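J.: Let me give you the structure first, and then I'll get to my questions.
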Amino acid sequence: MEEFTGGHDFGKALCDMCDLEGQLEQKRRELALRSDFNMCDVFKMLTRLKAGKRGADCDDLYATMVNNLELVITKDEVFILFYKLDKDGDGVLNYSEVCDCFVPREEEYAALINSRGGFYGDETDPKKLFEGETRALIKRFVRGFVECEVSMELVRQRIVNKLAIRPEAAFAAIDIEEKGFLAAADLRAYLKGLNMYPSEKNLSLLFQRLDKSERGALSGDDFKTGVEPFSLSQDSH
């Protein structure tokens, strides 16, 4: 097995990623506790689709963020948001993908949102959707989402560029049983061995981010994509 150096620094980077996930999830929970917050109206506000369109593209999302949500945001920041949400890569956001952005990962909070229908069915002005405090929290969440993704990318760049850590070597160091895949327990054990103890919830959130196929196990490719900078993971696909 390839010798793995920089293990402590890599563990610190994983903990930083856990913290970022936890901060974003806290913003999701705050929204879930707002009684008027619901996904039907969020989708209506953010997409405002023209007749015949099956979903919102990146330009649609930018226009609605600026015009309907009245959020100060750049096109580059909207692209970051759009790329993260467009899970099937078809160039448009559907209802399920928008829900995946806003709905908390914790079941009890997710149930609050999933049990709510639309509150503003007859309202045609998207600027009048949601109470003032709820709109402010939506803006805060969107801003936090973008900042989370930017910060994640900086951590990934630190891992590969500054620390010069090869994802394959890190994967092998964590996969001490040589199973060929990683479970959440493997990440936990690796960090425990470094005397690092991120919260269980935040570690679970990070694992969900890395587990794009939702199999409950990370392949070498899953892991590599999750810890490499965006440009490198794009080049390898």
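Read-outs throughout are calculated quantities, based only on the coordinates presented, and are distinct from any laboratory measurement. In this text, all values refer to a predicted model and were calculated from it rather than measured experimentally. When we count neighbours, we look across all protein chains shown, and the Cβ atoms used for this are built from the backbone with ideal geometry, even at glycine.
J.: L93's amide H: which non-local residues (gap 5+, or another chain) put their own amide H closer than 5 Å, with H modeled 1.01 Å from N in plane and none for Pro or chain starts?
T.: A56, D57
J.: Quick one: 3J(HN,Hα) in Hz for the range 104-109, Karplus 6.51/-1.76/1.60 with θ = phi - 60°, rounded, Gly and Pro as x.
T.: Result, ordered by residue: x, 7, 6, 4, 5, 7 Hz.
J.: If each residue of separation counts as 0.36 nm, what is the full-extension length gain between D59 and R140 once their alpha-carbon separation is subtracted?
T.: Working: separation 81, 0.36 × 81 = 29.16 nm, distance 2.08 nm.
Between D59 and R140, full extension yields an extra 27.1 nm.
J.: Over 20 Å between C-alpha atoms is what I'm after, so list which of K12/K139; K87/K162; K44/K212; K27/K84; K12/K192 land there. Could you put the intermediate results ahead of the total?
T.: Details: K12/K139 30 Å; K87/K162 29 Å; K44/K212 27 Å; K27/K84 17 Å; K12/K192 12 Å.
Checking Cα-Cα distances, K12/K139; K87/K162; K44/K212 exceed 20 Å.
J.: Determine the sum of side-chain charges near R29: Lys and Arg each +1, Asp and Glu each -1, restricted to other residues whose C-beta is under 10 angstrom from that of R29. Numbers along the way, then the final one.
T.: On the way: positive: K27, R28, R105; negative: E25, E30, E106, E108.
Summing Lys and Arg as +1 and Asp and Glu as -1 gives -1.
J.: Quick check: from the Cα gyration tensor, does the range 35-130 come out rounded (a/c under 1.5), prolate or oblate?
T.: oblate
J.: Name the residue, out of A13, A111, A56, whose mean-square fluctuation peaks in a Gaussian network model built on the chain with Cα pairs under 10 Å.
T.: A111
J.: If you take every residue apart from L137 with its C-beta less than 13 Å away from the C-beta of L137, what net charge results, scoring Lys and Arg +1 and Asp and Glu -1?
T.: Details: positive: K27, R28, R29, R34, R135, K139, R140, R143; negative: E30, D36, E131, E133.
Charge balance in the 13 Å sphere: +4.
J.: So what are the ³J(HN,Hα) numbers for the range 90-95, from phi and the Karplus equation (6.51, -1.76, 1.60; θ = phi - 60°), rounded to whole Hz, Gly and Pro as x?
T.: Values, residue by residue: 8, x, 9, 9, 9, 4 Hz.
J.: Within a Cβ distance under 15 Å of S115, other residues only, what is the Lys/Arg minus Asp/Glu net charge?
T.: Values: positive: R34, R116; negative: D36, D41, E106, E107, E108.
Value of the local net charge: -3.
J.: Grab every C-alpha pair in the chain, bin the distances at 10 angstrom width from 0 up to the longest one, and report whole percents.
T.: 7, 30, 33, 20, 9, 2, 0
J.: Compare D60, D122, D76 in a GNM of the chain, Cα atoms joined below 10 Å, and give the one with the largest fluctuation.
T.: Highest fluctuation among the options: D122.
J.: Determine ³J(HN,Hα), in whole Hz, for all residues of the range 185-191 in sequence, where each value follows from phi through the Karplus function 6.51 cos²θ - 1.76 cosθ + 1.60 and θ = phi - 60°; x replaces Gly and Pro.
T.: With coefficients 6.51, -1.76 and 1.60, one gets 4, 5, 4, 4, 5, 4, 5 Hz.
J.: With label points built 7 Å along Cα→Cβ from the Cα atoms of E106 and A172, find their separation and express it in nm.
T.: 4.0 nm
J.: May I ask you to sort D16, D125 by Cβ crowding, counting other Cβ atoms within 10 Å and putting the fewest first? Walk me through the numbers before you get to the answer.
T.: Numbers: D16 18, D125 8.
So the residues, fewest neighbours to most, are D125, D16.
J.: Okay, moving on. 222 nm [θ] for the chain, helices only, -39500 (n - 2.57) per DSSP H run of 4+, per residue, to 500?
T.: Working: 12 runs with 141 residues, N = 237.
Only helices count here, giving -18500 deg cm²/dmol.
J.: For the range 158-193 and the range 50-112, what is the centre-to-centre distance using only Cα atoms, to the nearest Å?
T.: About 32 Å separates the Cα centre of the range 158-193 from the one of the range 50-112.
J.: Connecting C-alpha atoms closer than 10 Å in a GNM of the chain, tell me which of I73, I113, I159 has the biggest fluctuation.
T.: I73
J.: Let me ask you something else. Once all Cα-Cα distances of the range 152-204 are split into 5 Å bins that start at 0, what whole-number percent is in each one?
T.: With a bin width of 5 Å, the distribution comes to 4, 17, 22, 24, 26, 6, 0.
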